[in-house]
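Below is one structure, written out as structure tokens; comments come after it.
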Amino acid sequence: MTYIVALTGGIGSGKTTVSNSFKKIGINVIDTDVIAKNIIKNNYQISNSIKKKFGKKILNSNNLIDRLLLREYVFNNKNYRLWLENLLHPKIYQESKNQIKLIKSNWCLWVVPLLIEKNLEKKPNRILLVDTTIKNQIKRIMKRDNINLQTAKKIIALQASRKKRISVSDDIIFNKHSIYKINKYVYYFNSFYSYLSKMNNQKKIKNIKKNYLTKFY
């Protein structure tokens, strides 16, 4: 059975940087954000439901759903946000399981930004957190998504707190380093998780989360 490591972190923490580094060394990466994007784009029933619910305000010039407009709109309305999450997340989780079943390697990386918010902490074998300061999160997403300070703060406030993410994580990379150091950490974790997956498959360890904790700050 494939050993599952969930990669999580707040918006703008650097999850994509870390997951791309794992991809470069050949690790299978299952990204729920990519899955969500594909569902919205390719699942007619889902996209049609979203269009009916929110109307033209979340569509681009090609009459397609603009995910940034959609995100900004639902973050301003709790009921809309919950409606969208209830529509998408069961399908995202099911597709994640489908992709994991196809993996032949010893372990895989499952990128789940809303791991805590959706109470999925017990689903993976281990949790790797990409951590950074709220100041850095705000700076990155304002630049990346071209949003204002108020919107950035609101998005962050709706996610699990940094303290909560740290408390449930087994391993932590604090994203303040160069890509060179990030890559070094990724090489280490690949070896570490390969070892854990081997031990897990041999049933030699039971409470491994209590026995190991890695932090790169």
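Structure notes:
- The average projected area of the chain, computed from the convex hull of its Cα atoms over all directions, is 12.4 nm².
- CD proxy at 222 nm, helix term only [per DSSP H run n ≥ 4: -39500 (n - 2.57); per residue of the chain; nearest 500]: -17000 deg cm²/dmol
- Seen from Gln45, the other residues with C-beta closer than 15 Å to its C-beta sum to a net charge of +4, counting Lys and Arg as +1 and Asp and Glu as -1.
- Partner lysines for Lys37 [C-alpha distance under 16 Å; skip if fewer than 8 residues away on the same chain]: Lys51, Lys91
- Rounded to the nearest 20 debye, dipole of the chain from Cβ charges on Lys, Arg, Asp, Glu: 260
- Counted without the sites themselves, the longest stretch of the chain free of trypsin sites (Lys or Arg not before Pro) in a DSSP loop having at most 12 other beta carbon atoms within 10 Å is 1-103.
- Cβ-based net charge around Asn98, under 15 Å, with every Lys or Arg adding one and every Asp or Glu removing one: +3
- Of the residues Ile172, Ile58, Ser96, the one whose Cα sits farthest toward the positive end of the charge dipole of the chain, with +1 on the Cβ of Lys and Arg and -1 on the Cβ of Asp and Glu, is Ile172.
- With a threshold of 28 Å on the Cα-Cα distance, the over-threshold entries among Lys104/Lys176; Lys135/Lys181; Lys143/Lys176; Lys24/Lys104 are Lys104/Lys176.
- Length added when fully stretched, Glu117-Ile134, from 0.36 nm per residue minus Cα-Cα: 4.4 nm
- Anchor Lys198: aspartates and glutamates whose Cα lies under 20 Å away (excluding residues fewer than 8 positions away in-chain): Asp170, Asp171
Bear in mind these aren't lab numbers, they're just calculated from the coordinates by the rules spelled out. Note that this is a predicted model, so its numbers are computed, not measured. So basically every Cβ, Gly included, is an ideal-geometry build from the backbone, and we count neighbours across all protein chains shown.
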